[in-house]
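One structure is given here, and the rest of the page talks about it.
Readers should treat all values here as calculations from the given coordinates under stated rules, not as data from a laboratory. Predicted model only: the values in this text are computed from it and were never measured. Backbone-built Cβ (ideal geometry, glycine too); neighbour counts: all protein chains shown.
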Amino acid sequence: MKLTAITFFLGLSIIIINSCSSPRKTTVTDMKLKFSLQGGANIGGITENTDMTVVPNVKVPPEVAVDAFTGATRIGFNAGMHINKVLKGNQIEAGIDYMYNHQTFTYTDAENTFIGVRELNVSQVLFPLTYNFVLLRNPFPHADIQLKAGYLGQLNFISTSETGVLPEYSINPWSNGVTLGISAFPFQFNTGSKLGFYFDMHRGSQIYEDYYNQSSFKMPGSSFMKFGVKYQFK
């Protein structure tokens, strides 16, 4: 199923980027693919459940001094390469990104005898495919200010270490969902290359499951915010 989803995504990306056509006259700019590299910081990855009222046999504050389960996420890093193609004045964008962050899950549940810490190194390969609306063409014709919306798939590679007595868990190696973002290139070089920034958000399906993060709960999933600099080749 995972391979089928990846194959479908790659095939769809190639078809859209290479086969999109416009009823108006095609120009050299329209035919040209735009390649870019990007890198920056991010926060997020696994979205854990914070509503302990839905977890069986768990007391919540003020009945107890601390939550039975809490999560913390450090700021991570991301890097990737993207391809854009003009489509009727707007753009289609596809890419592949790598994203890493470190997350800590703390269990303090004497009632269920789960007490300890689980550390997670979360590495993800991202496959975004978005339709980009080009904004403010007249006042900023070269800035390429784009509002992005589309689909994002994730391959999840997670390693863990733990101390204490903790519940069993499982990892979903494939997750996916919607993504929104914005990018712009305010700096243009004499060579025709551009330097700018990006900001992306994502909310998708569940990655991590345990006693406090069950699939029947609404909150567990995947999500992130990432931002950084972007360099577009001529």
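The figures follow:
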| read-out | value |
| --- | --- |
| Relative contact order (%) - criterion: Cα under 8 Å, at least six apart; region: region 123-234 | 23 percent |
| Segments 203-214, 141-152, 51-62 sorted - mean Cβ within 10 Å per residue, highest first | 203-214, 141-152, 51-62 |
| From phi via Karplus (6.51, -1.76, 1.60), per-residue ³J(HN,Hα) for region 50-62 in Hz, x at Gly/Pro | 10, 9, 6, 5, 8, 8, x, 6, 10, 8, 10, x, x |
| Percentage relative contact order, region 64-154, counting C-alpha pairs under 8 Å, at least six apart | 26 percent |
| Alpha-carbon spread of the chain, three principal axes, descending order, Å | 70, 35, 27 |
| Subset of Lys34/Lys88; Lys32/Lys230; Lys59/Lys226 violating a 26 Å alpha-carbon distance limit | Lys59/Lys226 |
| Summed residue charge, Cβ within 13 Å of Leu166's Cβ, Lys/Arg positive, Asp/Glu negative | -4 |
| Most fluctuating residue given options Phe199, Phe187, Phe77, as computed from a GNM of the chain linking Cα atoms under 10 Å | Phe187 |
| Local net charge near Asn78, Cβ-Cβ under 13 Å (Lys/Arg +1, Asp/Glu -1) | 0 |
| Region 93-143 shape via C-alpha gyration tensor axes, a/c threshold 1.5 | prolate |
| Whole-Å distance, taken between Cα centres, linking region 131-168 and region 57-73 | 30 Å |
| Cα gyration tensor, region 125-198 - rounded (a/c under 1.5), prolate or oblate | prolate |
| D (Stokes-Einstein, µm²/s), Kirkwood Cα radius, region 69-187, 1.002 mPa s at 20 °C | 126 µm²/s |
